[in-house]
Amino acid sequence: MGKLTVLVIDDDPVILELLRVNFEIEGFDVICATDGEDGLRRAQADRPDVVISDIMMPRRDGLQLLTELKADPATEDLPVILLSAKALVADVQALERAGATFVAIPCNTALVWVDAMRAAVGIEVLDTVDETVAAARVAVPGLARLGVRATDGTLPAGAYARSAERAGVELVVPGPEVQREVMSVIYDGVKAGRPVPRAHFDALVAHLVEKGAQVVALGCTELSVLRVELGVEDPRVVDSIDAVARAAVLRAGGRLRP
C-alpha cells in the first residue's frame, strides 16, 4: 500500500507549515493550499485521500469548501476534517468564567494560537516560549546565545526566534543533520517508546554548545519527558515545560522548592 495523500488548507503560513511538517513526519504525502478556492481546485485536480482545512479563510471558508466538495459526485466521499483555534479559545474562556486568574499553555506547538487566546480573554495567558527564554536568562546572567532543540514544526513557526530577539539574545539551532537526529529522538525514540541513550542526549546538547550556545532549551514535551527519564541535571539545559510550570506556581502565589 502506498502513502496516503493529505491536502492541507490554511491561510496562515505558519500553521500551514506546521501541519505539513507533522504530516510528513507521520509518513503522509502532503499537498498544501493557502485558501478555500485554491483548496477546492487542488482537491478536484489531485484527489487526495483526506482534506484537513481551516474554517476561517478568504476566497471560500472551510464550510463553503465542505459544501462544494460534498455537492460534487467526484469528491462527495472525500473525508474532510475542519480545524479551528476556536476550541482552544473556548477552553480558555471557560477557565476564565470558572474563576481562573491566568492560564498556562504547556505546549510549544499550540503557541501558534496564543494571540487568539489572549485576544479572547481578560486574564493572562502564559507563553511557554517566553518563560523558557526568561528561565535561560536567569540560568546564565548576561545570556547572549541560546540553543534550542525542538521539532521541525516548532522551529519554522518562529516563536523562539521572536522571543529571543525581544530579549536581545541570538538563537542557535542545530545543523540539518543534527536536526534530523533530534527528530529521530522525539519520534523514533520517545514517541515510539524506545530507549534513548544518555550519551545521545548529551551529544545533541554538546552540538549546540559547540556552535556557541551558552544554554540549551528543550522546546518539545517529548524532550522534557526524556530529560526526566534520563535524570539529566545539566546546568546548560533549560526545560520549557519546567519553565512554564515554575512560572505558573509563582503566578499563583506559591513557592518553588529549593
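None of the figures in this text is laboratory data; all of them are computed from the coordinates on show. Since the model is a prediction, treat every value here as computed from it, not as a measurement. Here the Cβ positions follow ideal geometry from the backbone for every residue, glycine too, while neighbour counts run over all protein chains shown.
For region 99-258, what does the relative contact order come out to in percent, with C-alpha contacts under 8 Å and a separation of six or more? Each step should come with its number before you reach the end.
On the way: 223 pairs, mean separation 46.9, N = 160.
Worked out over region 99-258, it gives 29 percent.
Can you list the residues, at least 5 places off or on another chain, whose amide H is less than 5 Å from the amide H of Val169, using H built in the peptide plane?
none
Using each residue's phi in region 77-89, evaluate 6.51 cos²θ - 1.76 cosθ + 1.60 at θ = phi - 60° and report the 3J(HN,Hα) Karplus result to the nearest Hz, with x for Gly and Pro.
Those phi angles translate into 9, 6, x, 10, 10, 9, 10, 7, 6, 4, 5, 5, 4 Hz.
Please find, in a Gaussian network model of the chain (springs between Cα atoms separated by less than 10 Å), the residue of Arg41, Arg20, Arg162 whose mean-square fluctuation is greatest.
Among Arg41, Arg20, Arg162, the largest mean-square fluctuation in the Gaussian network model of the chain belongs to Arg41.
Helix 13-25: angle to the longest alpha-carbon principal axis of the chain, degrees 0 to 90, nearest 10?
Compared with the principal axis, the helix lies near 90 degrees.
Would you mind giving the three semi-axes, in whole Å and largest first, of the ellipsoid equivalent to region 102-214 according to its Cα gyration tensor? Let's see the in-between values first.
Numbers: eigenvalues 133, 72, 29 Å².
Semi-axes, largest first: 26, 19, 12 Å.
Under a Cβ-only charge scheme (Lys and Arg +1, Asp and Glu -1), can you give me the dipole magnitude of the chain about the Cα centre, in debye to the nearest 20? Don't skip to the answer; put the middle values down first.
Values: 27 positive and 39 negative charges, 189 e Å.
It works out to roughly 900 debye.
Grab the DSSP H runs of the chain that are 4 residues or longer, score each as -39,500 (n - 2.57), total them, divide by all residues and round the 222 nm result to the nearest 500 deg cm²/dmol.
One gets -14000 deg cm²/dmol as the mean residue ellipticity at 222 nm.
Once the Cα atoms of the chain are picked out, what are the Rg and Dmax in Å?
20.4, 65
GNM on the chain, C-alpha springs below 10 Å: top fluctuator among Leu111, Leu171, Leu82?
Leu82
Give the aspartates and glutamates whose C-alpha is closer than 20 Å to that of Lys211, dropping any in the same chain fewer than 8 places away, or say none.
Within the straight-line cut-off, Lys211 pairs with Asp152, Glu165, Glu170, Glu177, Glu181, Asp202, Asp234, Asp239.
How much of the pair distance distribution for region 3-97 lies past 17 Å, counting alpha-carbon pairs only, in percent?
Details: 2183 of 4465 pairs.
Here the tail beyond 17 Å accounts for 49 percent of pairs.
Which angle between 0 and 90 degrees, to the nearest 10, do you get for helix 198-210 versus the longest principal axis of the chain when only C-alpha atoms count?
Roughly 80 degrees, rounded to the nearest 10.
Excluding residues on the same chain fewer than 8 positions from Lys3, give the aspartates and glutamates whose Cα lies under 18 Å from its Cα.
Cα-Cα hits under 18 Å: Glu24, Glu26, Asp29, Asp46, Asp49.
If you count the DSSP beta bridges with both ends in the chain, what percent of them are antiparallel, to the nearest 5? Present the calculation step by step, with values, prior to reporting the outcome.
On the way: 0 of 26 bridges.
Antiparallel bridges make up about 0 percent of those DSSP assigns within the chain.
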